[in-house]
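Okay, so here's the structure we're looking at.
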Amino acid sequence: MAAESGSIDALSQFELAPVFGPVGAAVGFTQSNAHMLLAAGLITALLMFGMAARAVVPGRLQSLAESSYEFVHGIVDSQVGHGGKRFFPFVFTLFMFVLFGNMLGLFPYAFTYTSHLAVTFGLALIVFVVITAVALALHGRKFFGYFFPEGAPLWLAPIIVPVEVVSYLSRPVSLSVRLFANMVAGHVLLKVFATFVVMLGALGAVGPLVATLPLAVNVLLIGFEILVAFLQAYVFAILTSIYLHDAVHLH
Amino acid sequence: MAEDDGFEQRLRQARARQGMDPKPRLNGPLSGSSASVGFRAGVEVVSALVVGIALGWYLDRWLGTWPWLFLLFFVIGSVAGVMNVYRLFDPRRSSGKQD
């Protein structure tokens, strides 16, 4: 335990460790991958078992499945607009994967795979490749007009085009860093205050009394983290939809 | 499910008449607390800067022109960052889009 050595060790929770014994170690299968599989399984289970009843008046599980579907459908419909329906599976998969990753990470002993930049950047890169491919497929060479707005004078092109290209390339970076930073910050805060509880609790007679303060902070933080977990999944989905809108309509 | 759809529509109309539904508000990129908006703006600036610096650095290493392209792309990255933030508050998107 970190508290026993007298220092706060808030970052070791993000370390990867292979699971499933020697087999997992041989192929580099870490707890992060295990949680991804778990999330995928849970999402599939929610949708399969939730929708198995197909009741007109939905039960709890079906209600959850339907509302998540309708939530993402609303995002895609309102942001991408005309012709956005075919991107619904893509956005829904991303949203559920990120949401379950964020939420699963809040359970004790669980690992937050969205707290790794490699994972979030991988997801953002998929989004980036998809939006670029969609824009190229729909608009062909006109896609490159995206980097130069129509009304601008031609002599400004040497300035505008590099700026627009860098701005376009920064999309996957900002998309991934936002999610990653939010998850890391939240979990570090939780760990720091949890360590305070242990450290203050060992301070003799008044210790347990004082230790309730960081404990109270942690209770509040967990509630806040649940909000952030949902909000970041929402932001990821909505930004993907906005980028898809740009790709489909090119302004 | 045609009758279901009709029912939903009538229900919606009735709810709108009674003012039970809140006005559908535009979920633009700017919805959330001011702190999260500020954080988002910061991320936009930093990411554009990072991309600009990385591009300039690699181009310099490739072409052997250190440090000129690095400096140039540093400026370009900053401009792109400011433009990203401007896009966050883009008046075009929020006014030109009808749902």
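Screening residue B:36 against (1) at pLDDT 80 or above; (2) facing chain A (nearest Cβ under 9 Å) leaves a single unmet condition, (1). For residue A:100, state whether it is more than 14 Å from chain B (Cβ to nearest Cβ), open to solvent by 30 Å² or more (accessible area, probe 1.4 Å), closer than 26 Å to residue A:186 by Cβ and not basic (Lys, Arg). Answer is yes for this residue.
Against the list (1) open to solvent by less than 60 Å² (accessible area, probe 1.4 Å); (2) farther than 17 Å from residue A:32 by Cβ; (3) away from chain B (no Cβ under 14 Å); (4) not basic (Lys, Arg), the condition residue A:112 fails is (2).
Considering every residue within the stretch B:47-70, establish whether at least one is open to solvent by less than 30 Å² (accessible area, probe 1.4 Å), in a helix (DSSP H, G or I), among the polar types (S, T, N, Q) and at pLDDT 90 or above. Yes; the residues of the stretch B:47-70 include at least one that is open to solvent by less than 30 Å² (accessible area, probe 1.4 Å), in a helix (DSSP H, G or I), among the polar types (S, T, N, Q) and at pLDDT 90 or above.
Against the numbered list (1) without any contact (Cβ under 8 Å) to a residue 60 or more places away in the chain; (2) open to solvent by 70 Å² or more (accessible area, probe 1.4 Å); (3) closer than 24 Å to residue A:112 by Cα, residue A:47 comes up short only at (2). Here is the figure for the stretch A:198-251: residues that are under 29 Å from the mean Cα position of the chain (by Cα) and in a helix (DSSP H, G or I) total 36. Pairs needed: first member in the stretch A:118-137, under 15 Å from residue A:169 (Cβ atoms) and touching a residue at least 60 places away in the same chain (Cβ under 8 Å); second member anywhere, of a type in the set (Phe, Trp, Tyr) and surrounded by 15 or more Cβ atoms within 10 Å (Cβ to Cβ); C-beta distance under 6 Å; at least 6 residues apart or different chains. Final answer for the pair search is A:131/A:243; A:135/A:143.
Just checking, does the stretch A:155-170 include any residue being crowded, with 16+ Cβ neighbours inside 10 Å, within 10 Å of chain B (Cβ to nearest Cβ) and under 30 Å from residue A:103 (Cβ atoms)? Scanning the stretch A:155-170, I find at least one residue that is crowded, with 16+ Cβ neighbours inside 10 Å, within 10 Å of chain B (Cβ to nearest Cβ) and under 30 Å from residue A:103 (Cβ atoms), so the answer is yes.
Please work out if residue A:248 is touching a Ser or Thr at 6+ places or on another chain (Cβ under 6 Å) and either open to solvent by less than 50 Å² (accessible area, probe 1.4 Å) or polar (S, T, N, Q) (or both). No.
The values are calculated or read from the model by the stated rules, or taken from the named source; none is laboratory data. Just so you know, these numbers come straight off a predicted model, no measurement behind them. Counting neighbours? That spans all protein chains shown, and the Cβs are built from the backbone with ideal geometry, glycine included. Each accessible area value is taken on the protein alone, full model and side chains, heavy atoms only, with ligands, DNA and RNA left out. Shrake-Rupley method; radii C 1.70, N 1.55, O 1.52, S 1.80 Å.
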